[in-house]
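Only one structure is covered here, and it is reproduced in the block below.
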Amino acid sequence: AYPERNRLRAGEWGRCADGKPRNDTMYTVVQERDLRTGRSKTATLEGKDHMSGVSFFHVNNEPGQGPEVHTHPYSETFIVLSGEAVITVDGEEIEARKGDIVVAGAGAPHRFRNSGSGGLDIMCIHASPRFETEWLDETLA
């Protein structure tokens with residue numbers, strides 16, 4: 001673990017010994033709890049704010065929950081950490097469980113939902129430093 005004095009919060013940059021901000025810091029450290037807003041169980045990291053070329057959602061959904069059909073101009077990789085999901089990519093339903101990894105290619109309409117009876121813990125990795133989402137009419141997917 002990192003000493004508390006060296007921890008950076010979302011959007012923070014390192015500081016020199018004299019307290020002035022450093023712009024040459026080569027890392028950021030963020031607590032996942034700091035990436036949640038309000039009562040949300042979803043942690044959101046947009047890479048551009050953290051010197052990263054990728055962005056992600058770490059989602060914890062209840063049964064039946066999940067986003068509507070959408071697309072991105074880049075690929076999205078889903079990693080099921082626990083639970084069960086139906087991930088729909090370009091109209092194809094994929095049953096995914098703990099340990100499964102599904103990749104939706106750039107431009108492919110997709111969505112996921114918790115298909116199990118317990119919680120779904122899923123990492124949704126966007127191959128972009130910023131989120132770009134186009135929400136689609138369900139009939140188009």
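The values are calculated or read from the model by the stated rules, or taken from the named source; none is laboratory data. If you're wondering where the values come from, they're calculated on a predicted model, not measured in any experiment. Ideal geometry is used to build each Cβ from the backbone, glycine not excepted, and the neighbour counts take in all protein chains shown. Note: accessible area is taken over every heavy atom of the protein model, side chains too, but ligands, DNA and RNA are not part of it. Shrake-Rupley method; radii C 1.70, N 1.55, O 1.52, S 1.80 Å.
Among the listed residues ARG130, ARG111, ARG97, which satisfies the condition of being in contact with a helix residue (DSSP H, G or I) (Cβ under 6 Å, 6 or more places away or on another chain) and in contact (Cβ under 8 Å) with a residue 12 or more places away in the chain?
When all the criteria are applied, what remains is ARG130.
For LEU140, only one of the following conditions fails: (1) at pLDDT below 95; (2) over 30 Å from THR28 (Cβ atoms); (3) open to solvent by less than 40 Å² (accessible area, probe 1.4 Å). What is its number?
Status for LEU140: all satisfied but (3).
Collect the residues in segment 60-109 that are open to solvent by 80 Å² or more (accessible area, probe 1.4 Å), farther than 15 Å from ALA127 by Cα, in a strand (DSSP E or B) and in contact with an Asp or Glu (Cβ under 8 Å, 6 or more places away or on another chain), keeping them in residue-number order.
Once the filter is applied, which keeps residues that are open to solvent by 80 Å² or more (accessible area, probe 1.4 Å), farther than 15 Å from ALA127 by Cα, in a strand (DSSP E or B) and in contact with an Asp or Glu (Cβ under 8 Å, 6 or more places away or on another chain), segment 60-109 yields GLU95, ARG97.
Return the residues of segment 30-54 that are among the β-branched types (Val, Ile, Thr) and closer than 18 Å to ILE122 by Cβ; say none if nothing qualifies.
First pass over segment 30-54, keeping only residues among the β-branched types (Val, Ile, Thr): 30, 37, 42, 44, 54.
Answer for segment 30-54, where residues must be among the β-branched types (Val, Ile, Thr) and closer than 18 Å to ILE122 by Cβ: THR42, THR44, VAL54.
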